[in-house]
Amino acid sequence: MRMKYLLSLVIVASAAQAAPQGKLVVYTSQAPEIAQQTIDAFKAAHPEIQVEWSRNGTSQLMNVLRTEMMAGEVKADVLLVADTINLGVLKKEGKLQAYPDAPVQGINARFYDRDKTWFGTKMIATVIAYNTKNAKPVDSWMALTQSENRGQVAVPSPLYSGAALNHLHTLINVKGLGWDFYQKLAANDIAPEGGNGPALKAVASGLAKYGIIADADVIRAKQKGSPVDLSYPKEGVSFITEPVAILASARNVPAAKVFVDFLISEKGQQLVAQQGNMPIDDRVAPPKGFPPLNQITLLPLDADKAVANDEQVRAKFSQIFGG
């Protein structure tokens, strides 16, 4: 009896010793209020882990990360960013570490890396937003290039926004759109800049009639009374999964794994729905205002091709828009 008691104490002590704790550093491109909610929910579930987080546009975060890598002083343990392209580049360079035991049972394999170096946390489509007071809904991306919309389309820059970068890599490979779409935007006095937030504000204020914006942002703004609505173009939409990844240089891998576990757990996916985003776990219902997923044409993205061609694609984009 005494031996069993001692053994149980050893097991409990070992479990306590193995429990993740200490400081976790997260770099994220989530909107500030969403990031705060995400971190607060994680800390409530794991008060033993102290979280430091920093947010910026995905491209800006990558610049910070590159600078830290060059200095040999990478601070982040975990990245939670908009798109898979930037993470794909880091994976190719060996800067991410695999998490083969991640609990992905409730998630479709299309939403995480086959080598399990990154894991999608939600599904966000890029759509056409419009101001309901001075614009009508349109059903085609090319409608934004028409002369009556000259200078009236707010477009996030793929040099700043991960979602916009994903959108660029997707649309340039769609028949009937391609680079021609972006060249016609430039000819129509459209100047991409910033991220989704400023673009949405431009549409909501009436400074722009239309915007190329994430659907969740538009739906949340509409529900709060903003004069905006959205359409899913007939050609289809690009989408991101806001993936999370553990850096190869992570100082606190146990805590990083727990963070990943939380985001893709049923509880984490319920938080995604509460925040007004489409969860990727089939067990969790999408929030009010989203159309059924089977009614949306999702455009495919060849992630490997995007990673291989990213430098050239960015350069051509800059050339078109004079950046």
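Could you list, in sequence order, all residues of region 69-81 that are within 15 Å of Leu96 (Cβ to Cβ) and either free of Cβ contacts under 8 Å to residues at least 12 places away in the same chain or out of contact with any Leu (no Cβ under 9 Å at 6 or more places or on another chain) (or both)?
Met69
Does at least one position in region 31-48 carry a residue that is in contact with a Phe, Trp or Tyr (Cβ under 8 Å, 6 or more places away or on another chain), in a strand (DSSP E or B) and closer than 25 Å to Glu266 by Cα?
No, that holds for no residue.
I'd like to know if region 34-48 contains one or more residues that are at pLDDT below 95 and either within 19 Å of Pro198 (Cβ to Cβ) or surrounded by fewer than 20 Cβ atoms within 10 Å (Cβ to Cβ) (or both).
Among the residues of region 34-48, at least one is at pLDDT below 95 and either within 19 Å of Pro198 (Cβ to Cβ) or surrounded by fewer than 20 Cβ atoms within 10 Å (Cβ to Cβ) (or both), which makes the answer yes.
Find the residue count for region 118-134, including only residues that are buried (at least 23 other Cβ atoms within 10 Å of the Cβ) and assigned to a loop (DSSP other than H, G, I, E, B).
3
Would you check which residues across region 288-314 are in a loop (DSSP other than H, G, I, E, B), more than 14 Å from Leu168 (Cα to Cα) and in contact (Cβ under 8 Å) with a residue 40 or more places away in the chain and list them?
Answer for region 288-314, where residues must be in a loop (DSSP other than H, G, I, E, B), more than 14 Å from Leu168 (Cα to Cα) and in contact (Cβ under 8 Å) with a residue 40 or more places away in the chain: Lys288, Gly289, Phe290, Pro291, Ile296, Thr297.
Among the strands (runs of 3 or more DSSP E) confined wholly to region 159-264, which include 2 or more residues that are among the aliphatic types (A, V, I, L, M) and in contact with a Leu (Cβ under 7 Å, 6 or more places away or on another chain)?
The qualifying strands (runs of 3 or more DSSP E) are 244-246.
Quick check, is Asp77 within 22 Å of Gly197 (Cβ to Cβ), among the acidic types (Asp, Glu) and buried (at least 16 other Cβ atoms within 10 Å of the Cβ)?
No: the conditions fail for Asp77.
Could you check region 123-154 and list, in sequence order, the residues that are of a type in the set (D, E, K, R) and touching a residue at least 60 places away in the same chain (Cβ under 8 Å)?
Lys133, Asp139
The values are calculated or read from the model by the stated rules, or taken from the named source; none is laboratory data. For clarity, every value in this text was computed on a predicted model and none was experimentally measured. Positions of Cβ are generated from backbone atoms using ideal geometry, with glycine treated the same way; all protein chains shown enter the neighbour counts.
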